[in-house]
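Quick notes on the structure that follows.
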Amino acid sequence: MTPAPSEPRIDIPAGGAGVLARRHLLEALATGAIAADDRVPESNVQPASLDLRLGEVAYRMRCSFLPGADTVERKLRDHVIDELDLRGDGALFETNRPYLVPLKERLALPVGVRAKANPKSSTGRVDVFTRVITDHSFRFDEVAAGYRGPLYLEVVPLSFAIGVKEGLSLNQIRLSVGKTTLTDAEIRTFHAETHHLLLKGGVPVPPEDLALAGGLFLSLDLKGDSEGRVGYQAKENAPRLNLTGTAPIDPAPFFEPVRREGGNRIVLAPQRFYLLMSEEAVSIPPELASEMTAYDPTSGELRTHYAGFFDPGFGYDPEGRFTGSRAALEVRAHDVPFMIETGQRVCKLTFERMLEEPSVLYGTGIGSSYQGQEETLGKHFAAKAPTSSPRPPA
């Protein structure tokens, strides 16, 4: 896993198109297409993505920025308020303040290979906003083909002050080459003829019932459990949330349960953070990767999730022991209270072809945390938050 002193390369067949699998990521690390000054843990290499790690220092910024024609290092000098040491016990990131962290990994991508970054699922579930910045870039999270240079991560905790330290992984990167994205027609055909991508109650959704518009829409489950609990909302004025420990965290100081109203609906309070669950289950086969894309704001006054990657194998079992995994959705209303109902379409999946099927898939075999999930709280937490809210009317 230590970069070799050879010309950075990745073995991609001529004319190949798709998301690079784990084998390619390991090769990129071995040849220096992805490099770091220390050993990259092999456990950070996922079926179709790589977990990136925080470096030794963080900069507290007065504002966010994009470098444009400049380098990030040069641009940040005008905006730094303070410098924090992330070594040892790490540091505290306060809420609603932007921090910029040089990541341990850097890129020397071969010609034609591009990258995209997204927060890890566990990062979104604690309402921490992240996005990658590269030199000479006019866009967040998108890394130009052939890019050679450092990676920086902007981190903004929104609900909780968080404890972080060097080596912590808050986001992921995915490499790809050529045309990868399936069209709506291709998604419908794949679902009907090759593999069922979307299921409800363990039964495949009929192809004609798929909601498609630049991707596949998912809807909310606001029926909830036997007590009417549909998810959680973040508590205000919560204590520090330490993301660096290994012991499970009691969720009670941070989250409280949300219960449906009669009619299987809830009203979102403005600017509060909610964790809810999709009504449908998703199944990503080995030949595809997926991404939860940014929500279209014309569909309502809310943000339904942070964008995120679904690696091959999410919700997939070749032996048929389970049928899909539901998606956890991070939801926030903007300026006014906003009512949402069960079955309301609120988020969208896009699908990409893999360059080749990965040798390992998402799942418990590689320590994946959310296979077959029925709980929205992230992996940092020990169990459900206490059921302190009154039971709703039926």
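Evaluate the range 55-77: report whether one residue or more is part of a strand (DSSP E or B), basic (Lys, Arg) and surrounded by fewer than 19 Cβ atoms within 10 Å (Cβ to Cβ).
yes
Can you confirm whether the range 91-101 contains a residue that is at positive phi and either of a type in the set (S, T, N, Q) or buried (at least 17 other Cβ atoms within 10 Å of the Cβ) (or both)?
yes
What strands (runs of 3 or more DSSP E) completely inside the range 296-394 contain at least 2 residues that are farther than 25 Å from residue 267 by Cβ, modelled with pLDDT of 90 or more and within 16 Å of the chain's Cα centre (by Cα)?
308-310, 345-353
Taking only pairs six or more apart or across chains, which ones have beta-carbon atoms under 8 Å, a first residue in the range 75-87 that is in contact (Cβ under 8 Å) with a residue 12 or more places away in the chain, and a second residue that is surrounded by fewer than 12 Cβ atoms within 10 Å (Cβ to Cβ)?
79/63
Hey, among 200, 165, 223, 235, which residue is more than 21 Å from residue 287 (Cβ to Cβ) and in contact with a Pro (Cβ under 8 Å, 6 or more places away or on another chain)?
235
Please work out which residue is nearest to the chain's Cα centre (by Cα), limiting yourself to the range 121-139 and to residues that are charged (D, E, K, R) and closer than 19 Å to residue 74 by Cα.
131
Could you say which residue among 74, 106, 22, 62 is basic (Lys, Arg) and closer than 16 Å to residue 143 by Cα?
After ruling out the rest, the residue left standing is 106.
Any idea which of 95, 2 is part of a loop (DSSP other than H, G, I, E, B) and modelled with pLDDT of 95 or more?
Result: 95 is the single residue among 95, 2 that is part of a loop (DSSP other than H, G, I, E, B) and modelled with pLDDT of 95 or more.
Hey, among the residues in the range 309-345 that are within 30 Å of residue 174 (Cβ to Cβ) and of a type in the set (Ser, Thr, Tyr), which one's least open to solvent (accessible area, probe 1.4 Å)?
325
One line per residue, one yes/no per condition, for (1) in contact (Cβ under 8 Å) with a residue 24 or more places away in the chain; (2) on the phi > 0 side of the Ramachandran plot; (3) of a type in the set (S, T, N, Q); (4) surrounded by fewer than 23 Cβ atoms within 10 Å (Cβ to Cβ):
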{"residue": "116", "(1), (2), (3), (4)": "yes, no, no, yes"}
{"residue": "120", "(1), (2), (3), (4)": "yes, no, no, no"}
{"residue": "124", "(1), (2), (3), (4)": "yes, no, no, no"}
{"residue": "132", "(1), (2), (3), (4)": "yes, no, no, no"}
{"residue": "135", "(1), (2), (3), (4)": "yes, no, no, yes"}
{"residue": "146", "(1), (2), (3), (4)": "yes, yes, no, yes"}
{"residue": "157", "(1), (2), (3), (4)": "yes, no, no, no"}
{"residue": "166", "(1), (2), (3), (4)": "yes, no, no, yes"}
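Report yes if some residue within the range 120-134 is touching a Lys or Arg at 6+ places or on another chain (Cβ under 6 Å), small (Gly, Ala, Ser) and over 26 Å from residue 27 (Cβ atoms); otherwise report no.
So far as the range 120-134 goes, yes, one or more of its residues are touching a Lys or Arg at 6+ places or on another chain (Cβ under 6 Å), small (Gly, Ala, Ser) and over 26 Å from residue 27 (Cβ atoms).
Note down all Cβ pairs under 8 Å where the first residue falls in the range 261-273 and is more than 10 Å from residue 333 (Cβ to Cβ), the second is part of a strand (DSSP E or B) and open to solvent by 50 Å² or more (accessible area, probe 1.4 Å), and they're at least six residues apart or on different chains.
As it stands, the answer is 261/267; 263/341; 264/341; 265/339; 265/341; 266/339, since those pairs meet every condition given.
Among the residues of the range 166-212 satisfying the criterion of being at pLDDT 95 or above, basic (Lys, Arg) and not in a loop (DSSP other than H, G, I, E, B), which is farthest from residue 84 (Cα to Cα)?
188
So is residue 43 within 21 Å of residue 167 (Cα to Cα), among the small types (Gly, Ala, Ser) and open to solvent by 10 Å² or more (accessible area, probe 1.4 Å) or not?
Against the criterion (within 21 Å of residue 167 (Cα to Cα), among the small types (Gly, Ala, Ser) and open to solvent by 10 Å² or more (accessible area, probe 1.4 Å)), residue 43 qualifies.
Can residue 81 be described as modelled with pLDDT of 95 or more and open to solvent by 10 Å² or more (accessible area, probe 1.4 Å)?
yes
Read through the list (1) farther than 30 Å from residue 245 by Cβ; (2) touching a strand residue (DSSP E or B) at 6+ places or on another chain (Cβ under 8 Å), then give the number of the only condition that residue 75 fails.
(2)
The values are calculated or read from the model by the stated rules, or taken from the named source; none is laboratory data. The structure presented is a predicted model; accordingly, all values stated were derived computationally and were not measured. As a convention, Cβ positions derive from the backbone with ideal geometry for all residues, glycine included, and neighbour counts pool all protein chains shown. Just so you know, the surface numbers come from the protein's heavy atoms only, side chains and all, with ligands and any DNA or RNA stripped out. Shrake-Rupley method; radii C 1.70, N 1.55, O 1.52, S 1.80 Å.
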